[in-house]
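Encoded as structure tokens, the structure appears first; notes follow it.
The values are calculated or read from the model by the stated rules, or taken from the named source; none is laboratory data. Note that the structure is a prediction, hence the values are computed from the model and not measured. When we count neighbours, we look across all protein chains shown, and the Cβ atoms used for this are built from the backbone with ideal geometry, even at glycine.
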Amino acid sequence: MKLILSLLFIFTLSYAGDATIEVIKKVDSLPSIAVEDASINYDDTFKLKFFKSIIADLNVISIFNVDRFHRKTYYNNSNVLLENKDMNYVLRYKMYEDDNRNFHVAIKIIQNNESVFSKNYKVSKQKIYMFVSHAIAYDINKFMGQPSIEWIKRKVIFSRIVAPRKSEIVISDYSLSYQFVVVKDAFNVFPKWANKNQTGFYYTSLDTATPSLKYLNIKSGKIKNIISSDGMMICSDVSNDGKTLLLTMAKNGQPDIYTYKVNTKKYKRETVYRGIDVNAQFMGNNKIIFISSRLGYPNVFSKELNSNEVEQLVFYGKSNSACSSNGEYVVYKARETSNAFAKNTFNLHLISMKTDFIRRLTATGINEFPRFSKDGDAILFIKNYKNQSSIGIIRLNHNKNYLFPLKYGKIQSMDW
């Protein structure tokens, strides 16, 4: 019996950190938190808007049972409100405006009627309040000793189809509360951040006979032509140092994967196949994953950049047409039903290079374009269901999914 228990313990330890194994945390085991609004200067409509943003962020960080009641108080009250006396934590905040109309938020975390954490935030414009809310959630998560969620502060960029052959490229936060259109009045798709600081991005312009890749500098607003190719031109990934692009081009009639050096403006063909090779992503320093039709249907493969050998990575699903990687993990899109010409469900699945486990991450609709956060803590994706287009976020270690619907248009592709 002792031997059996020991073996079970070793097995549990060996897979305890495996994100492909679904671990459901009981909601009752999470500490509770309530929010108290002590704001001044702003009307009730905006106060409620900011409160809802805070509540959404506290839910997304997934470490609390979050009370959803909007209650008002005074910032310097010595005790929490009577309704919140049994809460493990209370977040009290005060929004206010200075003489220069800067937007300020002061917060404190209260535990047992004692302030255990406080911080002040300031931005120049009230309309970007959601980024303050995200920063507050980030700091609370850090205060609670949780793994970093740097992704919550990053900007998302996406292409939105608004009419036949008309699109907009939009910069937003992950919840779509903030949206700023940076490119419009044309047909531009597949935006991709050019660097980790998000100061520029690449995108595909389809307004001419030859698809072309362009670069937009956000600070200056200047647009630069990078490279053109007949048939297809997509930047699917950018190296961590921003110096190498992974492109899909069809210079020989069929789409293949190319690397493109930003400094030298030279490209190199990385795959040679008479079928379709697309959507390459960096996987480590000198390895890529990509989608190929080598099996007669789309599937996920990998290869070293200095080798011609190609390895099949995914053995489940018959139409695996999108993927993303982070370390040992790969998330991919798979068609769940067999009729290629009817409405089908496309779900996201997670696999590890070290185990044979497969974890399904979504359940309904068309789920596509998965993108890992840089730290691997979350996956952002596009969900289309019942004529509604949304950005979804999956918290892998918390087994929770959240959706943020788009008000109009359909999301074509995105990056963060």
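Here is how the numbers come out for the structure above:
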read-out	value
Every residue from region 64-82 that is outside any loop (DSSP other than H, G, I, E, B) and of a type in the set (K, R)	R71, K72
Matching residues, region 137-152, being surrounded by fewer than 21 Cβ atoms within 10 Å (Cβ to Cβ) and assigned to a helix (DSSP H, G or I)	Y138, D139, K142, F143, E150
Matching residues, region 49-65, being of a type in the set (G, A, S) and over 18 Å from the mean Cα position of the chain (by Cα)	none
Members of region 135-191 found to be free of Cβ contacts under 8 Å to residues at least 12 places away in the same chain and under 22 Å from P370 (Cβ atoms), listed by number	Q179
Some residue of region 107-119 being in the same structural domain as I411 (by TED's automatic domain parsing), over 20 Å from the mean Cα position of the chain (by Cα) and modelled with pLDDT of 95 or more	no
Every residue from region 206-222 that is without any contact (Cβ under 8 Å) to a residue 24 or more places away in the chain and more than 27 Å from S325 (Cβ to Cβ)	D207, T208, A209, T210, S212, N217, K219, S220, G221, K222
Lone unmet requirement of (1) in contact with a Lys or Arg (Cβ under 7 Å, 6 or more places away or on another chain); (2) without any contact (Cβ under 8 Å) to a residue 60 or more places away in the chain; (3) among the β-branched types (V, I, T) for I411	(2)
Residue satisfying all of: in region 46-55; of a type outside the set (V, I, T) and touching a helix residue (DSSP H, G or I) at 6+ places or on another chain (Cβ under 8 Å); farthest from V35 (Cα to Cα) among these	F46
Only one of Y267, Y260, Y203 that is part of a strand (DSSP E or B), more than 27 Å from V156 (Cβ to Cβ), in contact (Cβ under 8 Å) with a residue 24 or more places away in the chain and assigned by TED's automatic domain parsing to the domain that holds F369	Y267
